[in-house]
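In what follows, a structure is listed as structure tokens, so that the remarks can point back to it.
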Amino acid sequence: MSAPQKIRRGVFAIWLTVSALVCLLLNSGALANLESATWDMRQRLVANPTAHDPKIKIIMVDQSSLDHFARQEQIYWPWPRSLYVPVLKYLERAGARGVAFDMLFTESSSHVGDDREFADVIGSSVPAVSAVSLRRDAAQGDPRLDSLFAAAQEKRKAEIEPYLRNRPVPEYPAATLPIEFLLESSPALGSVTAEADADKIFRHTFPGARVGSTPILNLPLSLFSLANPGAGIADKLRELEDPSGRLLIRFFGPEGTYDSYSIAAVINSWLKLEEGKAPDISLGEFKDAYVFVGTNAPGLLDLRPAPIAGNFPGVELNATVLDNVIHQSFMRTVPQPVSLLSVVLFLGIVALVSMRSTRYQSLIFVGALSAWGGVAWACAAAGWWIPAVVPLLGVLSILPLVFLLQYQVEGREHRFIKGAFQHYVAPEVIEQIVRDPGHLALGGERRELTIFFSDLAGFTSISERMEPGKLVSLLNRFLSEMTDILLEAGGTIDKYEGDAIIAFWNAPLVVPDHEKRGVAAAVRCQIRLRELSKVFKEEFGVDLRMRVGVHTGLVTVGNFGSSTRFNYTIIGDAANLASRIEGINKIFGTPLLVSGATRARAGDEHPWREVGQVRVVGRAEPVTLFQPLHPELNHSELRNLGEFDRARMLFEQGKLSDAREIFAKFADDPVSAAYCRRIEAELRPGGNFSPVWQATEK
């Protein structure tokens, strides 16, 4: 038997074996948690905040509202029920379609008549849904409340049953019910109890549940049903359910995707309407809107782990479910037979391609993984969940086996070294160290370097409010992007200090145009950060702004430390000055400042403007600073470059009023604004004017 025949038979056997194992894994659900984790990633990738329904609104009991009523009215949490009455009246006046309270009113108010007033309004104003919490324990409840609950649901049976009939729904022995007045007056009740998946992530929802024999819809569906009687979408939702009766939620974006309003602002808007004044929030904001009233104040948070975020507000989860209900946009799971057939055919194609193309195993390996990853992403974008983990494991199994078979049958050596060896220095530096290990010895030399210091504005506050895993992901993405640019420009990474980057040029290899390279890399870093701003905003909810200082001067550079552990780094006054220049960006509101020493030899690849003379902390002599301008970063500064220079020279001559008149024209230029503030301070009596700026912090 010829070698090609052996390979064909062997590949066919490998394909059948791996396919059978893959089908067994898919049917067993052994890797369900890992598969769910990859689905969460796909959800985040395809989530489109602009696709959400703008008619879904949230009124939040936020910290500012709690503080407002505590400070102004001496009203403390839990609030009297009468405080929600203006909300209902405002929504009624605005013409809202309906409102759902994503909060439980299970205890009587301590204010006399409070519950009755709230119940009367909730039963006569905008269609409203009150929340019910379902319990797994069978603790004895209040028989009167249970009877009222059953009677209330019986009245709405015609609206509720089509969504629950002849399908599996969760059953609970008991429920935590609202107070008696609300049970009697609420137009509808909705369950706020959600069922998480096995890994405790909330990806699915049930249309409703049963408490004993009493049916109840979930809160979002109850709101939709109340606002749209006889809508007749039960059959459409049934088509989207999986065999267990669950609906797979499509997430449109992170927290804040849906318009949210402070409850204090809504209440104040109603009070102003009553006084004949214009409200803080226009009535048109809530015209024909579906509204949820929930909480996000610290201590009142209802947070749930969801695919889109580790801590996702429960009220926003309900808003998302309602969006899915309105537009029947729930995701769907690809039927098992279709999944199995697709995976088996894909593995067959992979095996066939790998057998035919023996010279490009690495490319085939990456291409096959990417291909199924692309299929999984495309299906998610189209609203379908197709398995990703097990098929990729199949690829990871089938390709090595085929390659090993080819190696054994043909006797050819197919060894490829793969990997990405990450370094903090350019490839040329590594080659030099390999040629001469003496570069790893302790010691240093005096050399002129161009030094780069960067820092992220406000990163401390970002790190304090972001969960650690997400923070690490954000920081790694940012540092990787910036490092790539610096290394491509021939720089050497000195170190990372949290979010800060320290780099330099002209060591250990000589770089003749190190000033030009340093400035070009700094500008490119700012451009790349701007390009990534939308990604960082969507994935991490942050707007990163970086400050950069660049200076050229003599430092000692080399390996410093102990005989067993050391770093290749820089020491000297020039390094300190580069750090100070980075901080001076705070004074002028600039993203990038360059010293005169660097500017003198950096060339004119970019337009420049002289920002001014600054005396930094720890130095007696002022430093002249420049800002390289780039069309992608500095549109307004480029337009007004000549006028700005004229104003700066007038300032340095002491003609402050004349300078201010010109600077004031450039309202969108932060440097001009800084000069205006400085001039205002200098014009006050008792001043001793000097054109040199004084930095007060490092």
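Those residues that are charged (D, E, K, R) and part of a helix (DSSP H, G or I), I need them from region 614-666; list them, please. So that I can check it myself, show each step before the final result.
Of all residues in region 614-666, those charged (D, E, K, R) come to 615, 619, 621, 632, 637, 639, 643, 645-646, 648, 652, 655, 658, 660-661, 665.
GLU637, ARG639, GLU643, ASP645, ARG646, ARG648, GLU652, ASP658, ARG660, GLU661, listed by residue number.
Please list, ordered by first then second residue, the pairs with beta carbon atoms under 7 Å, 6 or more apart or interchain, first in region 681-692 and under 18 Å from VAL614 (Cβ atoms), second of a type in the set (Asp, Glu) and not in a loop (DSSP other than H, G, I, E, B).
PHE689/GLU682; PRO691/GLU652
Yes/no matrix, rows are residues, columns are (1) open to solvent by 50 Å² or more (accessible area, probe 1.4 Å); (2) in a helix (DSSP H, G or I); (3) modelled with pLDDT under 95; (4) farther than 30 Å from ASP137 by Cβ:
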{"site": "PRO215", "(1), (2), (3), (4)": "no, no, no, no"}
{"site": "LEU221", "(1), (2), (3), (4)": "no, yes, no, no"}
{"site": "PHE224", "(1), (2), (3), (4)": "no, yes, no, no"}
{"site": "GLU239", "(1), (2), (3), (4)": "yes, yes, yes, yes"}
{"site": "GLY245", "(1), (2), (3), (4)": "no, no, yes, no"}
{"site": "ARG250", "(1), (2), (3), (4)": "yes, no, no, yes"}
{"site": "GLY256", "(1), (2), (3), (4)": "yes, no, yes, yes"}
{"site": "SER260", "(1), (2), (3), (4)": "yes, no, no, yes"}
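Go through region 24-60 and report how many residues are within 23 Å of the chain's Cα centre (by Cα) and either surrounded by fewer than 17 Cβ atoms within 10 Å (Cβ to Cβ) or not in a loop (DSSP other than H, G, I, E, B) (or both).
Adding up the residues that qualify gives 24.
Just to be sure I understand, how many residues within region 592-613 are open to solvent by less than 10 Å² (accessible area, probe 1.4 Å) and part of a loop (DSSP other than H, G, I, E, B)?
Total satisfying the criteria: 1.
For region 450-480, what are the residues that are touching a residue at least 60 places away in the same chain (Cβ under 8 Å) and either hydroxyl-bearing (Ser, Thr, Tyr) or in a loop (DSSP other than H, G, I, E, B) (or both)?
THR450, SER454, ALA457, GLY458, MET466, GLU467, SER473
Please go through (1) under 23 Å from LEU593 (Cβ atoms); (2) modelled with pLDDT of 90 or more; (3) open to solvent by 70 Å² or more (accessible area, probe 1.4 Å) for TYR675 and return the number of the only condition it doesn't satisfy.
All conditions are met except number (3).
Given the criteria within 15 Å of ILE451 (Cβ to Cβ), of a type in the set (A, V, I, L, M, F, W, C) and buried (at least 21 other Cβ atoms within 10 Å of the Cβ), does ALA522 qualify?
Taking the combined requirement at face value, the residue satisfies it.
Out of all the residues in region 128-136, is one or more over 30 Å from ASP288 (Cβ atoms), open to solvent by 20 Å² or more (accessible area, probe 1.4 Å) and not hydrophobic (A, V, I, L, M, F, W, C)?
Yes, that holds for at least one residue.
I want to confirm something. Restricting to region 493-550 and keeping residues that are over 31 Å from the mean Cα position of the chain (by Cα) and of a type in the set (Asp, Glu), which single residue is nearest to THR257 (Cα to Cα)?
Among those that are over 31 Å from the mean Cα position of the chain (by Cα) and of a type in the set (Asp, Glu), it is GLU515.
Suppose the filter is surrounded by 15 or more Cβ atoms within 10 Å (Cβ to Cβ) and over 28 Å from LEU322 (Cβ atoms); does SER19 pass it?
When the stated conditions are applied, SER19 passes them.
Take residues that are at pLDDT 90 or above and surrounded by 14 or more Cβ atoms within 10 Å (Cβ to Cβ) and tell me which of the helices (runs of 4 or more DSSP H) falling wholly in region 314-409 contain 3 or more.
Passing ranges, in order: 314-327, 361-381.
Which count do you get for residues in region 537-549 that are in contact with a Phe, Trp or Tyr (Cβ under 8 Å, 6 or more places away or on another chain) and either surrounded by fewer than 17 Cβ atoms within 10 Å (Cβ to Cβ) or under 21 Å from GLU445 (Cα atoms) (or both)? Spell out how you get there, then give the answer.
Taking region 537-549 and keeping what is in contact with a Phe, Trp or Tyr (Cβ under 8 Å, 6 or more places away or on another chain), we get 542-544, 548-549.
The next check asks that each one be either surrounded by fewer than 17 Cβ atoms within 10 Å (Cβ to Cβ) or under 21 Å from GLU445 (Cα atoms) (or both); those that pass are 543.
Final tally of qualifying residues: 1.
The values are calculated or read from the model by the stated rules, or taken from the named source; none is laboratory data. Computed from a predicted model, the values in this text were never measured in an experiment. As a convention, Cβ positions derive from the backbone with ideal geometry for all residues, glycine included, and neighbour counts pool all protein chains shown. Remember, those area values only see protein heavy atoms, side chains included, never the ligands or the DNA or RNA. Shrake-Rupley method; radii C 1.70, N 1.55, O 1.52, S 1.80 Å.
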